[in-house]
Ligand SMILES: [Zn+2]
């Protein structure tokens, strides 16, 4: 019989946002704290200033990469992907772009 291991609990944890979903984040620190809960346990969130500007205010965007376990087939088969977020510190607006 198939065993339901501890991994299944993690598998049910969906990505926090849909692609292209926009949401408010009070600060970069607050956003990182939120994403921290979803990243792969042993991994590190990376962020850097991007080349691109926010179309709304023309301020520089911050890119944030979150390593994430993705389960495309079922909850026993997963692969690690990276979620990409952009954050505008001026508008305090974050968007998941990938
Ligand atoms: Zn902006």
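Structure above, values below:
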{"item": "Relative contact order of the chain, pairs being alpha-carbon contacts under 8 Å that are 6 or more residues apart, as %", "result": "31"}
{"item": "73, 95 arranged by Cβ crowding within 10 Å, fewest neighbours leading", "result": "73, 95"}
{"item": "Those residues of the range 69-98 whose amide nitrogen sits under 16 Å from the label point placed on residue 55, 7 Å along Cα→Cβ", "result": "86-88, 93-98"}
{"item": "Burial ordering of 82, 49, fewest other beta-carbon atoms within 10 Å first", "result": "49, 82"}
{"item": "Inter-label distance, nm, simple model (7 Å from Cα along the C-beta direction), residue 48/residue 81", "result": "2.3"}
{"item": "Residue-averaged 222 nm ellipticity for the chain, from DSSP H runs of 4+ at -39500 (n - 2.57), nearest 500", "result": "-3500 deg cm²/dmol"}
{"item": "Least to most buried among 71, 85 (fewest other Cβ within 10 Å first)", "result": "71, 85"}
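Every number in this text was worked out from the coordinates using simple rules, so none of it is lab data. Being a predicted model, the structure only gives us computed values, none of them experimental. Methodologically, a virtual Cβ is constructed for each residue, glycine included, from the backbone with ideal geometry; neighbour enumeration extends over all protein chains shown.
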